Amino acid sequence: MTDYWDPLIERMPVDELKKVQEEKLVQLVHYVYNHSIFYRKRFDKAGISPDDINSLADITRLPFTTKQDLRDTYPTGMFCVPKKMVVRYHASSGTTGKPTVVGYTQNDINEWTISLARALTSIGIGREDVVQVGYGYGLFTGGLGLHYGAEMVGASAIPTSSGNTERQIELMQDLGSTVIACTPSYFLHMSEVVNKLGINFKDDTELKCGVFGAEPWSQEMRQRIEKQTGIKAYDIFGTSEISGPLFTECTYQDGIHIWADQFLIEVIDPKSGEQLPDGERGELVVTTLVKEALPLIRYRIGDLTVINSEPCKCGRTHPRIMRILGRTDDMIIVRGINVFPGQVEAVLLTIPEVAEHYQLIIDRKGELDTLTVQVEVTKDVFSDKISDLMRLENKVGKSLKTVLNLSAKVELVEPGTIPRSMGKAQRVIDKRKI
Ligand code: DLL
């Protein structure tokens, strides 16, 4: 056991937890109203005064905030503290439009790290462990986030960042890494390099688990990783706007624990904005209860999930969110049908002959959208007869059609064809000019 197992907080009876949230929410609305011109204007426009918010149920009266608000007020227009209080900045890559900038006070960094320390403890990571941090260090929150979290539980952190894979593997062996933290797609790449070197994780390293996130990955992908490498694969979630990586599953692997004394979560219908009950799938909305520099009120994260408020088998009472398989904005519409890359992955990985590397290519021929799913097959399968390959293509196509309700062209490609990623994988290439 490590220092970050605090049963008084993590197993707090749900009613008490709600009281804690209520008190913090009431304080928060006054804090943002008094410290940010942005929030003051937003509340005034919605005809809401901080005094109107007295219970958790009142939260639905508050307006949402979005990534667009962060962009419109770039770089620091939503901050609630003077710049001299900011001890760190991170920023999103800004592939579309302006990047979003997140600032942290010293207390924000502490709270972020506590969240991760609790999370890492819940998967059994502590003083004995060596955590290799293969998330990017820099403006991206993955590297530094996991680094601080690992140190707080007393583990040794190795800041390898991403890339330079052979060197990573050498260090993993030499320093006895027991944990690898990186995107699942980068771990797949690392596994290939491990195979090429003629070694395997089970016999030649001390690795016992992976902390994988920053991009969607399916339950089927987890099963493959665990079976092929012999390690436990845990899901970690967070976004830069609410600090960075923050929450993981526990060893029961049954949903991601959200620390309710720090964050208040809701799931809403993405179209109507109405709050949905537990168990219904919708868009995740987060209110930060303890952040100082950039508190967010009802921030629409854009990820689709389900809340489960039942206490977990591990005894923790905080709510869980189920695995995130897509975002409202990475849904692609092909011939009018909604497709999530995560659905495609889940189908592909139920077919043993296909590998974990795939890409969706969308194009438009005349008026008609086309969806091509390129997926790698294993070396053995690729050297099979053409007729066998065609049979397999048909099989994959049929399985996709059943789930997606859409015909996709399937292209089986040689191992190594799909570009490998060091960070977040690019699963979708949309060539349509709309
Ligand atoms: O990806 C923070 C992070 C770093 C999380 C390391 C986990 C590990 P952003 O770059 O702001 O922050 O991207 C956040 O990535 O809204 C999701 O769409 C996606 N995402 C993150 N974790 C998961 C996950 C970091 N476990 C966006 N499953 C989020 C599915 C995830 N999607």
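The values are calculated or read from the model by the stated rules, or taken from the named source; none is laboratory data. The structure presented is a predicted model; accordingly, all values stated were derived computationally and were not measured. Methodologically, a virtual Cβ is constructed for each residue, glycine included, from the backbone with ideal geometry; neighbour enumeration extends over all protein chains shown.
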Practice item. Report, by residue number, each residue of the range 197-223 that is over 25 Å from Ile301 (Cβ atoms) and either of a type in the set (A, V, I, L, M, F, W, C) or at pLDDT below 95 (or both). Key: Leu197, Ile199, Phe201, Leu207, Cys209
Practice item. Check the range 49-69 and report whether any residue there is charged (D, E, K, R) and closer than 21 Å to His90 by Cα. Key: yes
Exercise for review: Report, by residue number, each residue of the range 191-212 that is in contact (Cβ under 8 Å) with a residue 40 or more places away in the chain and within 16 Å of the ligand (Cβ to nearest atom).
Suggested key: Cys209, Val211
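Listed residues Asp369, Asp329; which is within 28 Å of Pro270 (Cα to Cα) and part of a helix (DSSP H, G or I)? So that I can check it myself, show each step before the final result.
On the way: Asp369 fails: part of a helix (DSSP H, G or I).
Only one candidate passes the filter, namely Asp329.
Among the residues that make up the range 133-146, is at least one of them of a type in the set (Ser, Thr, Tyr), assigned to a loop (DSSP other than H, G, I, E, B) and at pLDDT 95 or above? Steps first, please.
Residues of the range 133-146 that are of a type in the set (Ser, Thr, Tyr), as a first pass: 135, 137, 141.
Narrowing further to those that are assigned to a loop (DSSP other than H, G, I, E, B): 135, 137.
Restricting the remaining residues to those that are at pLDDT 95 or above gives 135, 137.
For the range 133-146, residues of a type in the set (Ser, Thr, Tyr), assigned to a loop (DSSP other than H, G, I, E, B) and at pLDDT 95 or above: present.
One line per residue, one yes/no per condition, for (1) among the acidic types (Asp, Glu); (2) assigned by TED's automatic domain parsing to the domain that holds Gly423; (3) within 13 Å of the ligand (Cβ to nearest atom):
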{"residue": "Pro216", "(1), (2), (3)": "no, no, yes"}
{"residue": "Glu226", "(1), (2), (3)": "yes, no, no"}
{"residue": "Gly238", "(1), (2), (3)": "no, no, yes"}
{"residue": "Thr248", "(1), (2), (3)": "no, no, yes"}
{"residue": "Phe263", "(1), (2), (3)": "no, no, no"}
{"residue": "Ile268", "(1), (2), (3)": "no, no, no"}
{"residue": "Lys271", "(1), (2), (3)": "no, no, no"}
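Within the range 170-183, which residues are surrounded by fewer than 22 Cβ atoms within 10 Å (Cβ to Cβ) and in a helix (DSSP H, G or I)?
Matches in the range 170-183: Glu170, Leu171, Gln173, Asp174, Leu175.
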Review point. Hey, any hits in the range 281-292 for a residue that's without any contact (Cβ under 8 Å) to a residue 40 or more places away in the chain and away from the ligand (no atom under 13 Å from the Cβ)?
Key: yes
Check your understanding: Only one of (1) within 16 Å of the ligand (Cβ to nearest atom); (2) touching a residue at least 24 places away in the same chain (Cβ under 8 Å); (3) part of a loop (DSSP other than H, G, I, E, B) is not met by Arg127, so which one is it?
Key -> (1)
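Which of the following residues is of a type in the set (Asp, Glu) and either within 17 Å of Ser240 (Cβ to Cβ) or part of a loop (DSSP other than H, G, I, E, B) (or both): Asp44, Asp69? Explain how you work it out, then say what you get.
Values: Asp44 fails: either within 17 Å of Ser240 (Cβ to Cβ) or part of a loop (DSSP other than H, G, I, E, B) (or both).
Going through Asp44, Asp69 in turn, the sole match is Asp69.
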Point to revise | Filtered residue count, the range 10-29, keeping only those that are β-branched (Val, Ile, Thr) and surrounded by 19 or more Cβ atoms within 10 Å (Cβ to Cβ) | key: 1
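Just a yes or no: is a residue in the range 365-382 hydroxyl-bearing (Ser, Thr, Tyr) and either in the same structural domain as Gly134 (by TED's automatic domain parsing) or surrounded by 16 or more Cβ atoms within 10 Å (Cβ to Cβ) (or both)? Explain how you work it out, then say what you get.
First, pick out the residues of the range 365-382 that are hydroxyl-bearing (Ser, Thr, Tyr): 370, 372, 378.
Then keep just the ones that are either in the same structural domain as Gly134 (by TED's automatic domain parsing) or surrounded by 16 or more Cβ atoms within 10 Å (Cβ to Cβ) (or both); that gives 370.
Looking through the range 365-382, at least one residue is hydroxyl-bearing (Ser, Thr, Tyr) and either in the same structural domain as Gly134 (by TED's automatic domain parsing) or surrounded by 16 or more Cβ atoms within 10 Å (Cβ to Cβ) (or both).
Do we have any residue at all in the range 56-63 that's within 13 Å of the ligand (Cβ to nearest atom) and either assigned by TED's automatic domain parsing to the domain that holds Asp269 or in contact with an Asp or Glu (Cβ under 9 Å, 6 or more places away or on another chain) (or both)?
First, the residues of the range 56-63 that are within 13 Å of the ligand (Cβ to nearest atom): none.
Taking every residue of the range 56-63 in turn, none turns out to be within 13 Å of the ligand (Cβ to nearest atom) and either assigned by TED's automatic domain parsing to the domain that holds Asp269 or in contact with an Asp or Glu (Cβ under 9 Å, 6 or more places away or on another chain) (or both).
Is the range 358-371 home to any residue that is modelled with pLDDT of 90 or more, under 18 Å from Gln219 (Cβ atoms) and not β-branched (Val, Ile, Thr)?
Initial filter on the range 358-371 (modelled with pLDDT of 90 or more): 358-364, 369-371.
Subset that is under 18 Å from Gln219 (Cβ atoms): 358.
This time we only want the ones that are not β-branched (Val, Ile, Thr), so: 358.
Yes, the range 358-371 contains at least one residue that is modelled with pLDDT of 90 or more, under 18 Å from Gln219 (Cβ atoms) and not β-branched (Val, Ile, Thr).
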Point to revise | Residue match in the range 391-405 (condition: surrounded by 17 or more Cβ atoms within 10 Å (Cβ to Cβ) and either assigned to a strand (DSSP E or B) or among the basic types (Lys, Arg) (or both)) | key: no
**Study point:** Given (1) modelled with pLDDT of 95 or more; (2) loosely packed, with under 14 Cβ neighbours inside 10 Å; (3) more than 21 Å from Asp108 (Cα to Cα), number of the condition Val87 does not satisfy
**Key:** (3)
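Quick check on Ala157: is it in contact with a His (Cβ under 6 Å, 6 or more places away or on another chain) and within 15 Å of the ligand (Cβ to nearest atom)? Please lay out each step first, then the result.
Values: in contact with a His (Cβ under 6 Å, 6 or more places away or on another chain): yes; within 15 Å of the ligand (Cβ to nearest atom): yes.
So Ala157 fits the description; yes.
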Study note, to complete from the structure: Inside the range 332-365, the number of residues satisfying the requirement of being assigned to a strand (DSSP E or B) and either under 21 Å from Lys433 (Cβ atoms) or β-branched (Val, Ile, Thr) (or both) is 14
Review point. Does Ala57 fit the bill of being farther than 18 Å from Gly138 by Cα and touching a Ser or Thr at 6+ places or on another chain (Cβ under 7 Å)?
Key: no
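Taking Pro277 as the residue in question, decide whether it is in a loop (DSSP other than H, G, I, E, B) and away from the ligand (no atom under 14 Å from the Cβ).
On the way: in a loop (DSSP other than H, G, I, E, B): yes; away from the ligand (no atom under 14 Å from the Cβ): yes.
Considered against the rule, which asks whether it is in a loop (DSSP other than H, G, I, E, B) and away from the ligand (no atom under 14 Å from the Cβ), Pro277 comes out as yes.
Residue-wise test of (1) in contact with a His (Cβ under 7 Å, 6 or more places away or on another chain); (2) in a helix (DSSP H, G or I); (3) under 18 Å from Ile125 (Cβ atoms).
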site: Gly163; (1), (2), (3): no, no, no
site: Tyr186; (1), (2), (3): no, yes, no
site: Val193; (1), (2), (3): no, yes, no
site: Phe212; (1), (2), (3): no, no, yes
site: Pro216; (1), (2), (3): no, no, no
site: Ala233; (1), (2), (3): no, no, yes
site: Phe237; (1), (2), (3): no, no, yes
